[in-house]
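First comes the structure, then the notes that go with it.
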There are 2 protein chains.
Amino acid sequence: MASTESPGFELPLRLLLGFRALVDQLNAQLAREGHPGVRPVHGFALQAVGPTGTTAVELGRRLGVSKQAAGKTIDALQRLGYVQRRDDPADARRKVVAITPRGRDCLVRSARIFDELRRGWAEVLGETRLRALEDDLRRVAPGEPLGVDAPGWLGAADG
Amino acid sequence: MASTESPGFELPLRLLLGFRALVDQLNAQLAREGHPGVRPVHGFALQAVGPTGTTAVELGRRLGVSKQAAGKTIDALQRLGYVQRRDDPADARRKVVAITPRGRDCLVRSARIFDELRRGWAEVLGETRLRALEDDLRRVAPGEPLGVDAPGWLGAADG
DNA sequence: CTACAATCGACAACGTGGTTGACGAAATGG
DNA sequence: CCATTTCGTCAACCACGTTGTCGATTGTAG
């Protein structure tokens, strides 16, 4: 028979390690390029805001968290100068969240850095295998590229 | 030219999605088998305690968190009945953390469930490709299978 | 037009998990 | 014998999530 199979627990560990490596490098590079203070959550949230703007409720839906949590995230993003709240002229209840130029800068840099990091992996694994890896992950871990629900998987309460 | 490359940001997302899928399924199954209340962090910590027992400081080192955080985790594990604190007869400062039978039960079930989940992936991808995936991840995300430093990557403060 | 329901955003209270700082007790070493 | 280090714990704080509530506004009957 062939070599022994890996123990099952290694898989999630490697997945997490890989994720962490990527995200940590992203944030380090982002800090170097004038965006310190940014956290993984912020990046995801900023991405989720999108170019057209959103509301807290909608953002919460996209991120898979409560509207209150989304509101707090928006607060943080606003404090960092990445988004701005504007009153919606058509609906006085709504407040539209829009990305600022600085937020956009962060976003484009993130995209570039992620591409560079991916290139780094491609150099190690080869483009073919990297694509295979991505394809395989898509098959076992499907889902919209942006319905991440990223925060909460660790601290998710049971109550 | 070949098909377009995936955008770089998809990789971390898929990695996280895969991790989440595995861990969520683990916890769901664990709950079904008489271990509700267990959280991802607990599993990692329990694993990190090891069969020989540890101290809070040592556990903190292994998990990559402060001794205080490790202490809190031990508190939680103790409340759940998974570990026990004993005074070290050789050193009155130390308190040795040891896994209880129930903790051991949780651990062996976790191992089995993780193996089953891996088998599930193997059925989808084929053993060969799954191994390739694991090999590739090992290359781009090396590190001890247990130096996870799992908690903290999301909430890691910059200050 | 008015009354009722739904929606949005915010506030409060809380839980969890991390951090630092400080401190007493015990071990270690000059 | 005293100074330093180590261990465990307490307290305060921050980040991020949750639920519950509530006022303001909008939409929808009646």
Item to check | Filter result (away from DNA strand C (no atom under 13 Å from the Cβ), outside any loop (DSSP other than H, G, I, E, B) and within 26 Å of B:Ala31 (Cβ to Cβ)) within region B:55-104 | outcome: B:Val83, B:Gln84, B:Arg85, B:Val97, B:Ala98, B:Ile99, B:Pro101, B:Arg102, B:Gly103, B:Arg104
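From the list A:Val38, A:Val49, exactly one residue is more than 30 Å from A:Ala92 (Cα to Cα), among the β-branched types (Val, Ile, Thr) and buried (at least 20 other Cβ atoms within 10 Å of the Cβ). Which is it? Walk me through it before giving the result.
Values: A:Val49 fails: more than 30 Å from A:Ala92 (Cα to Cα).
That would be A:Val38, the only listed residue that is more than 30 Å from A:Ala92 (Cα to Cα), among the β-branched types (Val, Ile, Thr) and buried (at least 20 other Cβ atoms within 10 Å of the Cβ).
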Checklist entry - Here is a list of conditions, (1) surrounded by 16 or more Cβ atoms within 10 Å (Cβ to Cβ); (2) within 14 Å of chain B (Cβ to nearest Cβ), and A:Tyr82 meets all of them except one; can you say which number that is? => result (2)
Next on the checklist: Where the second residue is among the polar types (S, T, N, Q) and the first is assigned to a helix (DSSP H, G or I) and lies in region A:106-128, which pairs have Cβ atoms under 7 Å and are six or more apart or on separate chains?
Outcome noted: A:Leu107/A:Gln47; A:Ile113/A:Gln29; A:Leu117/A:Gln25
Checklist entry - What do you reckon, is A:Leu154 within 13 Å of DNA strand C (Cβ to nearest atom), hydrophobic (A, V, I, L, M, F, W, C) and either modelled with pLDDT of 95 or more or not in a helix (DSSP H, G or I) (or both)? => result yes
Checklist outcome for this item: The correct count of residues that are within 15 Å of B:Ala48 (Cα to Cα) and of a type outside the set (S, T, N, Q) in region B:86-104 is 6
Checklist entry - In region B:28-42, what residues are within 9 Å of chain A (Cβ to nearest Cβ), more than 11 Å from DNA strand C (Cβ to nearest atom) and assigned to a helix (DSSP H, G or I)? => result B:Ala31
Checklist outcome for this item: Exactly one of B:Gly71, B:Gly50, B:Gly60, B:Gly43 is within 16 Å of DNA strand D (Cβ to nearest atom) and modelled with pLDDT under 90, and that one is B:Gly50
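The rows are residues; the columns are (1) within 29 Å of B:Asp136 (Cβ to Cβ); (2) away from chain B (no Cβ under 12 Å); (3) in contact (Cβ under 8 Å) with a residue 60 or more places away in the chain.
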site	(1), (2), (3)
A:Pro7	yes, no, no
A:Leu11	yes, no, no
A:Ala21	yes, no, no
A:Thr54	no, yes, no
A:Arg62	no, yes, yes
A:Val65	no, yes, yes
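Going by the conditions given, is B:Ala98 over 28 Å from A:Gly18 (Cβ atoms), within 16 Å of DNA strand D (Cβ to nearest atom) and touching a residue at least 12 places away in the same chain (Cβ under 8 Å)? Walk me through it before giving the result.
Details: over 28 Å from A:Gly18 (Cβ atoms): yes; within 16 Å of DNA strand D (Cβ to nearest atom): yes; touching a residue at least 12 places away in the same chain (Cβ under 8 Å): yes.
The answer is yes for B:Ala98.
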Next on the checklist: Need the failing condition index for A:Asp135 against (1) away from every other protein chain (no Cβ under 14 Å); (2) of a type in the set (Asp, Glu); (3) within 30 Å of A:Arg14 (Cβ to Cβ), just the number.
Outcome noted: (1)
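What's the total number of residues in region A:75-96 that are closer than 12 Å to A:Gln47 by Cα and either more than 18 Å from the chain's Cα centre (by Cα) or not aromatic (Phe, Trp, Tyr) (or both)?
Of all residues in region A:75-96, those closer than 12 Å to A:Gln47 by Cα come to A:77, A:82-83.
Of the ones still in play, those that are also either more than 18 Å from the chain's Cα centre (by Cα) or not aromatic (Phe, Trp, Tyr) (or both) are A:77, A:83.
Adding up the residues that qualify gives 2.
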Checklist entry - Is it the case that B:Gln25 is within 14 Å of the chain's Cα centre (by Cα), among the polar types (S, T, N, Q) and more than 7 Å from chain A (Cβ to nearest Cβ)? => result yes
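The values are calculated or read from the model by the stated rules, or taken from the named source; none is laboratory data. What you see is a predicted model; the values in this text were computed from it and never measured. Heads up, the Cβs are rebuilt from the backbone with ideal geometry, glycines too, and the neighbour counts pull from every protein chain shown.
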